[in-house]
Each structure stands twice: as C-alpha cells, then as structure tokens.
Amino acid sequence: MDDVTAYVQELGRTAREAARQMNRLDPGLKDKALLAMADRIEAERSDILAANREDLERAASEGLDAALVDRLELNEDRVAAMADGLRQVAGLPDPVGAMNDLSMRPSGIQVGKMRVPLGVIGIIYESRPNVTADAAALCLKSGNAAILRGGKEAISSNRAISHIMRTVLAEVGLPEGVVSVVDTPDRAAVGALLAMPEHVDIIIPRGGKGLIERVAAESRVPVIKHLEGVCHTYIDADADLDKAADIAVNAKTQRYGTCNTMETLLVDAAVAGALLPRLGERFLDAGVELRGCPRTRELVSRAKEASEEDWATEYLGPILAVKVVDGLDAAMNHIAAYGSGHTDVIVTESYTSARRFLREVDSSSVMVNASSRFADGYEYGLGAEIGISTDKLHVRGPVGLEGLTTEKFVVLGSGQTRG
C-alpha cells in the first residue's frame, strides 16, 4: 500500500469512528459548533484571505481558466457569506431522529421509521473554497462525518478553513474526525477515496464534467451526482408571450455559469413569428449569442446556424440554442433526446399542457411558468444544498439535509413473540 492510500484510509477509519460517536452526543453540540465556526471564520478572515491570495497567485502563474479563478477567489463578502451560511444551517430543523408512520400491527407491535445519518460522506470538488465550509456544515448538521477533497488550486484556502473548523470541533467536544480535509494535491488521493466502501458510504462530486465522469466511472462507493445541466424552456402555443419572454431572459441571463441556467429555448411554431423576433433582440442586446435552427434563423437574422452538438451542450456562458418545434410532443421529444434530466420548464396558460409536461418530462425538476434558475435548495425551502442529483435512487434534485440522511425501520414492542 502506498503512502497516499494509507493516509486516505486512515482518514476513513477516523471518520467512521467519528460518525459512530455522533449518534451518542448531545444534538445541540452540532449547532453550537456551527455557530462557533461562523464566529471564528469572521474573526480570522484575514488569515483566510491571505491563504486565498496564495492560491490566486499560483493560479495566475499556472494560467488557470478565468472562470475557475472567479470561483476560486474569496473576498470580504464571500467570507461573510460563508459565516452566514453556517449560521443558517445551524438554524435549520434537525432531521436526525425524527420518527414517522408509526402504526400498530395486529400482533401489538408498533412499526415506524426513524431518520438517521448516512454515515461518512466523501465530497470531491474543484475550485470553490466556500464548499469546504458549506459541505462540512451540512454534513455535520445531518449527523454525518465528512471527508473533503478539494482541488489543488484551492489547497491553501481549504487548509485555512478546515483548520478553523477542526479547532472548533475540538473546543466544543466533537470528534475531530467529523470533518477531515484530504491535505495532499496528489490525484491518487481521489482514487483511494473512491475505493473505500468499508469506510465511506456516499461520494458527492462537485465540479466539471470531467471530474464527475471520472468519479462515476471509478467509484466503488455509491455516488450522488449530476453530470450536466442542459436545461430547456419550452414556450407553448398557449403561453402568455410577455410572461414567456421575461421567464426566458431571466433563465438565461440572470447568471450564466450555473447548472440551472437555460441552455436551449424551444418555441412552438404557432407563436414563434410573434415572439422570436423581439425576444431574439432582447437576448442579442444582452450579449447572448444565438444558435438557431433554420426556422429560427428566418425570424432572427443575426442568429448563427445551430449544429447537432449545440442541442446537447451545456454552455455555462452567453450562448443559447433556439429551436422552433411543432407542438408539445415535439418539445418533449427534443428534451428526451438531448436533455440531461436536470431542470426543464414549460410556459403555458393551458392546464392540460402543463399537466402533461409535469407528468411526462423525466427531469429532477420540472416547472410551469417559472425560471429554471429557481432549481436551488435555498429557493425550494431546503435552507441549503450540497448539490443537485439527477439520479433516481435515494435522492433527486437539490440535496439538502434530509437528502444526507436515510430511514431505518423501528419496532416498539411490549414483550410480543411471533407464533
């Protein structure tokens, strides 16, 4: 066994023991720890920002992509947001230990379910050092131990943040193994983490398509993930066109680099002539490059020709694919062929069309008359999220505290024996 594998396995053993200890500790200690972490992050923000400057200088010397640098950078506001996020998580209802569906059976036993932590959660992420605080907070609140493996580009920032969190854990009496950060940039550490089902219960990757594809292909541990956010907005023949235009513009331009941003606009042929010329101008005026089908280009002369690849592309930038379709079935067929199962929207005043779209589109979030940008744990009332899942087992859509738990059956008896 090489040194990196031995190191990661030791983190796994420590995390497993810490997860077991969490079940017998005062639940109030979790909130106490989160609030103390928030205070300490604010008090030591100069140290965090100094560490982040080291990462930024290294990123500049290595020519890191501008979008990654933007996600890597911390400032006073982003550090304050980390602290606020910890306090928000502390204020959320604790899902652990909740019992439901208790029912009396003919034998006299009561049978129900109790919500319990998953155990040890491995989180593999790129750039964003705020994930170190956010992910640790959600795992801690849900009673899990977390093993965090950030990207090498953020290693100084992650070390500074994790040092604060582990110091606080010790001060309040929680096992340090509740939050562990893999403190090596060696890529072999990722492979070791993915190969420890005896120590890790769930892996959650957060990052680019390449990272998530690697994790999904190599992991021997169950994975909660989404690969891409190829999100659609379909404007139906029965849509309110002013409403539709506002929704579509917001879904694309409110923020470009998020997984719930619209990447393809589908417009019913019955309203395309009335809508697309003015809606196309709004997009072009906002700096969005349009790539359209032949019918789109007849209506929006400045649109470029869309390729087959465009229909399946997550741009994460100011580019939008636009297609005119012949009705609801054609729109849903297009989504089925090219979508990623993340978030899809219909704009319509037809109850029948809305109901069909909700029932038949197979995505983790399906919306009627609302921007796809609402596909977010905070907007859904989860308080916070650790990511989005497009898988169908265990959890689907934004993953909040409840998604980091599972249920077990509990039985309450008074001496019953089975005949």
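Brief remarks on what is shown
- Residue ID - surrounded by the most Cβ atoms within 10 Å (Cβ to Cβ), chosen from residues in segment 139-152 that are outside any loop (DSSP other than H, G, I, E, B) and modelled with pLDDT of 95 or more: A145
- Meets criteria (under 22 Å from the mean Cα position of the chain (by Cα) and either more than 25 Å from T258 (Cβ to Cβ) or assigned to a helix (DSSP H, G or I) (or both)) for V8: no
- Test: residue in segment 217-228 that is open to solvent by 30 Å² or more (accessible area, probe 1.4 Å) and assigned to a helix (DSSP H, G or I): yes
- Selection over segment 181-212 of residues that are in a helix (DSSP H, G or I), among the charged types (D, E, K, R) and in contact with a strand residue (DSSP E or B) (Cβ under 9 Å, 6 or more places away or on another chain) gives a count of 0.
- Qualifying residue in segment 164-171 (condition: modelled with pLDDT of 95 or more, surrounded by fewer than 23 Cβ atoms within 10 Å (Cβ to Cβ), charged (D, E, K, R) and under 27 Å from E228 (Cβ atoms)): no
- Residue within segment 190-206 that is of a type in the set (K, R) and more than 19 Å from M1 (Cα to Cα) present: yes
- Hey, R291 open to solvent by 10 Å² or more (accessible area, probe 1.4 Å), assigned to a strand (DSSP E or B) and charged (D, E, K, R) or not: yes
- Evaluation of V249 against (1) in a helix (DSSP H, G or I); (2) of a type in the set (A, V, I, L, M); (3) out of contact with any Phe, Trp or Tyr (no Cβ under 8 Å at 6 or more places or on another chain) (one fails), failing number: (3)
Residue-by-condition table, conditions (1) assigned to a helix (DSSP H, G or I); (2) open to solvent by less than 20 Å² (accessible area, probe 1.4 Å):
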| site | (1), (2) |
| --- | --- |
| R24 | no, no |
| A33 | yes, yes |
| L64 | no, no |
| L74 | no, yes |
| G97 | no, no |
| N100 | no, no |
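- Taking the criterion of being buried (at least 20 other Cβ atoms within 10 Å of the Cβ) and of a type in the set (K, R), the only residue of segment 335-373 that qualifies is R373.
- Just one of the listed residues (R255, R278) is among the charged types (D, E, K, R), surrounded by fewer than 18 Cβ atoms within 10 Å (Cβ to Cβ) and at pLDDT below 95, namely R255.
- Residues of segment 219-242 that are small (G, A, S) and over 19 Å from T264 (Cβ atoms): S219 alone.
- Picking from residues in segment 35-51 that are among the small types (G, A, S) and open to solvent by 70 Å² or more (accessible area, probe 1.4 Å), the one that is farthest from A137 (Cα to Cα) is S46.
The values are calculated or read from the model by the stated rules, or taken from the named source; none is laboratory data. Since this is a predicted model, take the numbers as computed values, not measurements. Heads up, the Cβs are rebuilt from the backbone with ideal geometry, glycines too, and the neighbour counts pull from every protein chain shown. Side chains are part of the model used for accessible areas, which takes the heavy atoms of the whole protein and leaves out ligands, DNA and RNA. Shrake-Rupley method; radii C 1.70, N 1.55, O 1.52, S 1.80 Å.
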